[in-house]
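The numbers here are math on the coordinates, done by the rules we state, and not lab data. Worth saying up front: this structure is predicted, and the values here are computed from it rather than measured. In this analysis, Cβ positions are derived from the backbone assuming ideal geometry, glycine residues included, and neighbour counts consider all displayed protein chains.
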């Protein structure tokens, strides 16, 4: 019998945040338990998105707080609070971009403006193994793009200049660990 794992939030400059995640080959109950625990961690730190590498797991899966995003974007509430996205692939992006400030649970207290496509279309699998497509814009698109970056070993400060990046890393190294 497998013992229950206790996931913890990974903070930059942990090297796992810069590694490319592996595709999920099989959707199991253990994987769904991990997604549920990720949702709990995300809520504990008031996040709206979390990628598996941010809890030390190099698998291509993310969780999005769809209910909070819907309230922020003033759109209808979704049927499910959390959007569980496995093996996401961006298949279309808009030419229009948008500059917005971003933060990240793995880079606490760090915020920078990042330019991203305004709208995207993704292909992914849900926690039941069903292949789905999703058109997203606004905060939902930004959040999905941000979390997919994590799956590709990229963090949002990779979009800013080297001086801002160096300052952010320096600030994070001086912080006390989160509990």
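Quick notes on this one:
- For the pair residue 118 and residue 58, the difference between a 0.36 nm per residue extended length and the Cα-Cα distance amounts to 18.9 nm.
- Calculated [θ] (222 nm, deg cm²/dmol) that DSSP helices of n ≥ 4 give over the chain, each run adding -39,500 (n - 2.57): -9000 deg cm²/dmol
- For a paramagnetic label modelled on residue 81 (point 7 Å from Cα along Cα→Cβ), amide N atoms under 13 Å away belong, within segment 20-39, to 36-39.
- Most to least packed among 80-93, 133-146, 160-173, 27-40 [average Cβ atoms within 10 Å]: 133-146, 80-93, 27-40, 160-173
- Percent of beta bridges antiparallel (DSSP, the chain, rounded to nearest 5): 95 percent
- Once the chain from residue 137 to residue 154 is taken as fully extended at 0.36 nm per residue, the excess over their C-alpha distance is 4.0 nm.
- Per-peptide packing, taken as the mean over residues of other Cβ atoms within 10 Å, places 44-55, 120-131 in the sequence 44-55, 120-131 from highest down.
- Convex hull volume of the Cα atoms of segment 84-179, normalised per residue: 109 Å³.
- Inter-label distance, residue 37 to residue 130: 2.7 nm, where each label sits 7 Å from its Cα along the C-beta direction.
- With coordinates expressed along the principal axes, the C-alpha atoms belonging to segment 29-81 extend over 33, 22, 18 Å, beginning with the largest.
- When you count the other C-beta atoms within 10 angstrom of each residue and take the mean per peptide, 147-153, 13-19 line up highest first as 147-153, 13-19.
- Counting 0.36 nm for each residue step from residue 173 to residue 45 and taking away their Cα separation leaves a gain of 44.2 nm.
- Alpha-carbon centroids, segment 71-149 and segment 11-63: separation in whole Å: 15 Å
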